[in-house]
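Q: The structure is given below, and queries will be raised subsequently.
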Amino acid sequence: MKKFIYTLSILLTLLITPSCTHTAEQDGLGHHHHHGHEEHEHEHGEHEHSEHEHGDHEHGSEEITLDEHQAEEFGVGVDTIVAGEFAEVVKVSGQIESSTTSRSVVSATAAGIVHFTSNITEGKKVSAGTTLATISAKGISGGDANAASRAALDAAKRELDRVTPLHKEGIVSTKDYNAAKRAYDEAKAAYSGSPAGGSATVSNAGIITRLLVRQGEYVSVGQPIAVVSGNSNLTLRGDLPEKYYNFLPTVSSANFRAAYTKEVVSLKDLNGKLLSSGGAVADNEEGYIPVYFSFENNGKVVPGSYAEVYLLGAKRSDVISVPLSAVSEQQGLNFVYVRLDEDCYKKCPVTLGGNDGTRVEILSGIKSGDAVVTKGMTFVKLAETSGVVPEGHSHTH
């Protein structure tokens with residue numbers, strides 16, 4: 001509440017902020033400003049405007065006053081626009097995948113019921129040797145093969161114990177003795193001597209990207225239980241629509257934004273490189289051509305997550321572009337705010353081109369050398385909505 005009251009007090013000061021001082025040569029926008037207090041008589045708070053009426057000035061409301069100290073306090077930042085290189089961009093959907101060399105499947109070592117250990121969920125980081133689940137055959141009719149093997153071993157031993165002395169006395173033939181001995185050896189080999197069931201452990205550190213069975217589900221020996229993906233080297237797949245096939249040969253890099261964050265990441269910053277541009281439609285994605293990149297994970301990217309992918313093609317020079325944070329969308333139109341001098345700003349309508357997730361091309365509305373607000377634009381908009389031309393500020397157009 002205190003912050004709200006403080007903000008209101010700042011906005012009220014905008015109504016009495018000293019007037020802008022600049023010339024047409026300084027702002028380059030063709031506005032001539034004559035500051036002459038002889039044109040205004042101030043008597044007991046009443047003002048006479050002898051030179052003009054505000055209704056005669058079409059562009060007067062476009063100029064916004066914001067004291068430079070207030071602008072600094074609110075974090076308003078300005079960048080001078082310089083034309084430079086900008087890549088052709090196609091925005092597509094895609095997914096972040098683990099590289100094939102760092103992906104492993106955890107399988108069941110015995111048949112039985114799966115019981116996951118606590119806190120085992122998709123997205124959890126695990127280290128090598130971690131037990132994901134135990135598998136038990138207890139309580140399953142005919143499911144405990146170890147118990148059956150034990151019973152067979154006991155029976156074979158009793159039979160061998162019975163015929164051994166009889167064979168020594170010549171009552172039982174050598175053939176029958178050998179059969180009993182063979183049955184005992186086979187039963188002994190079949191019995192493991194360990195409790196029924198087993199456990200499923202992780203062979204390499206990473207993130208659990210898929211659980212293939214549910215808690216309490218029956219599994220057979222060798223059945224996959226989970227997929228663990230290493231998170232040091234990852235693959236980015238972008239699904240390019242077939243209609244952009246001619247764009248494919250120009251693709252060199254990409255930016256992406258994972259579904260769980262607002263941050264757009266450049267592959268250039270993660271040592272990314274193009275693996276292949278497919279050239280063929282994916283079997284499971286009719287109408288799309290997969291484009292693959294590899295990159296090093298900075299610890300913030302989760303394998304298996306979906307992403308917006310900005311495929312970057314051929315670069316063009318002498319292009320005007322601004323950060324996306326500089327653009328304001330109002331009633332279907334786009335604007336940027338240009339600083340005219342220390343205390344004055346102007347809202348300029350712009351026409352946008354493509355954007356690469358971080359910057360957007362400006363086709364018209366501003367030019368090189370303009371000082372555009374790129375940070376704290378909200379506070380400039382608040383100053384704009386005050387809708388007041390400061391006293392002592394006259395404009396001749």
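The values are calculated or read from the model by the stated rules, or taken from the named source; none is laboratory data. Please read these numbers as outputs of a predicted model, since none were measured by experiment. Backbone-built Cβ (ideal geometry, glycine too); neighbour counts: all protein chains shown. For accessibility, only protein heavy atoms count, side chains too; no ligands or nucleic acids. Shrake-Rupley method; radii C 1.70, N 1.55, O 1.52, S 1.80 Å.
Q: From the list Asn298, Asn204, Asn233, which residue is open to solvent by 30 Å² or more (accessible area, probe 1.4 Å), closer than 30 Å to His115 by Cβ and polar (S, T, N, Q)? Steps first, please.
A: Values: Asn298 fails: closer than 30 Å to His115 by Cβ; Asn233 fails: closer than 30 Å to His115 by Cβ.
When all the criteria are applied, what remains is Asn204.
Q: Give the residues of segment 339-361 that are in contact with a helix residue (DSSP H, G or I) (Cβ under 9 Å, 6 or more places away or on another chain) and without any contact (Cβ under 8 Å) to a residue 60 or more places away in the chain, sorted by residue number.
A: Cys348, Val360
Q: Please enumerate the residues belonging to segment 277-295 that are open to solvent by 50 Å² or more (accessible area, probe 1.4 Å) and either at pLDDT 80 or above or within 21 Å of the chain's Cα centre (by Cα) (or both).
A: Across segment 277-295, the qualifying residues are Tyr288, Tyr292.
Q: Still on this structure: Among the candidates Lys243, Lys188, which residue alone is over 29 Å from Ser127 (Cα atoms), assigned to a helix (DSSP H, G or I) and modelled with pLDDT of 90 or more?
A: That would be Lys243, the only listed residue that is over 29 Å from Ser127 (Cα atoms), assigned to a helix (DSSP H, G or I) and modelled with pLDDT of 90 or more.
Q: Mind checking which residues of segment 361-386 are in a loop (DSSP other than H, G, I, E, B) and not charged (D, E, K, R)?
A: Within segment 361-386, Gly365, Ile366, Ser368, Gly369, Gly376, Ser386 qualify.
Q: Now a separate question. Against the definition (part of a strand (DSSP E or B) and open to solvent by less than 40 Å² (accessible area, probe 1.4 Å)), how does Ala87 come out, yes or no?
A: On the way: part of a strand (DSSP E or B): yes; open to solvent by less than 40 Å² (accessible area, probe 1.4 Å): yes.
So Ala87 fits the description; yes.
Q: Quick check on Tyr245: is it within 16 Å of the chain's Cα centre (by Cα), of a type in the set (Phe, Trp, Tyr) and open to solvent by 60 Å² or more (accessible area, probe 1.4 Å)?
A: Numbers: within 16 Å of the chain's Cα centre (by Cα): no; of a type in the set (Phe, Trp, Tyr): yes; open to solvent by 60 Å² or more (accessible area, probe 1.4 Å): yes.
No; evaluated as a whole, the condition is false for this residue.
Q: Kindly list the number of the only condition in (1) open to solvent by 60 Å² or more (accessible area, probe 1.4 Å); (2) at pLDDT below 95 that fails for Thr351.
A: Every listed condition holds for Thr351 apart from (2).
Q: What are the residues in segment 98-122 that are part of a loop (DSSP other than H, G, I, E, B) and surrounded by 16 or more Cβ atoms within 10 Å (Cβ to Cβ), if any?
A: Across segment 98-122, the qualifying residues are Ser99, Ala108, Thr109, Ala110, Ala111, Ile120.
Q: Filter segment 197-240 down to residues that are in contact with a Phe, Trp or Tyr (Cβ under 8 Å, 6 or more places away or on another chain), β-branched (Val, Ile, Thr) and at pLDDT below 85, then give me how many there are.
A: 0
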